[in-house]
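Structure, as structure tokens:
The values are calculated or read from the model by the stated rules, or taken from the named source; none is laboratory data. Keep in mind the model is a prediction, meaning the values are calculated, not measured. In this analysis, Cβ positions are derived from the backbone assuming ideal geometry, glycine residues included, and neighbour counts consider all displayed protein chains.
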Amino acid sequence: MKINLTKRLFVLINILLLSLFLPRITLAAPVQLHTNSGAIFAQAANSVKYSAASADLNLTPQQRQQLQAVRQRRNKEISAVLNSSQRAQLAQKLRGNNIYQALETLKLQPNQQELVDAIVQFTNLKMKAILSRYSLQVGQK
């Protein structure tokens, strides 16, 4: 268990460092692996907690694009963790719920749950970094 946590933290830290030092990589257009997974998560794009927060802010188009890219990347990574029946269940559960509520209703295996939790944590870190850069820019004006 300790080894798994260490590995997961190592991977998260490396990804975070890469995204901070190589920001253009995180802005790259994603490759469509699952053509229908984009439609699944498109329904929940407006109900994610950070999208509501970003709607109230006066973000630049580039910052909005960065947040959208982070959310799209999260959706693809979560979709890759799920099997086809779980993706179908998730699509059903997204109606009226945000993605986090929909994921809680799925019966994920422990290893899937760990991966999804890591993806969500990392996504939240990236969104916080983008929003903190925004607050620094606002503070400088």
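Inside the range 55-108, residues that are among the hydrophobic types (A, V, I, L, M, F, W, C), part of a helix (DSSP H, G or I) and surrounded by 17 or more Cβ atoms within 10 Å (Cβ to Cβ) make up a count of 10.
Do we have R73 as among the basic types (K, R), closer than 13 Å to V116 by Cα and at pLDDT 85 or above here? Yes: the conditions hold for R73.
Tell me, which residue of the range 114-123 that is touching a residue at least 60 places away in the same chain (Cβ under 8 Å) and surrounded by fewer than 19 Cβ atoms within 10 Å (Cβ to Cβ) is farthest from the chain's Cα centre (by Cα)? Give the steps one after another, and end with the answer.
First, pick out the residues of the range 114-123 that are touching a residue at least 60 places away in the same chain (Cβ under 8 Å): 114, 118, 121-122.
Now restrict to residues that are surrounded by fewer than 19 Cβ atoms within 10 Å (Cβ to Cβ): 114, 118, 121.
Values: E114: 15, A118: 10, Q121: 8 Å.
Restricting to residues being touching a residue at least 60 places away in the same chain (Cβ under 8 Å) and surrounded by fewer than 19 Cβ atoms within 10 Å (Cβ to Cβ), the top hit is E114.
Give the residue, chosen from I130, I119, I78, that is β-branched (V, I, T) and over 20 Å from V11 (Cβ atoms). Even if it seems obvious, please write down each step before you answer.
Numbers: I119 fails: over 20 Å from V11 (Cβ atoms); I78 fails: over 20 Å from V11 (Cβ atoms).
I130 is the lone residue from the list that is β-branched (V, I, T) and over 20 Å from V11 (Cβ atoms).
Got a number for residues in the range 77-130 being charged (D, E, K, R) and within 27 Å of N58 (Cα to Cα)? So the answer is 2.
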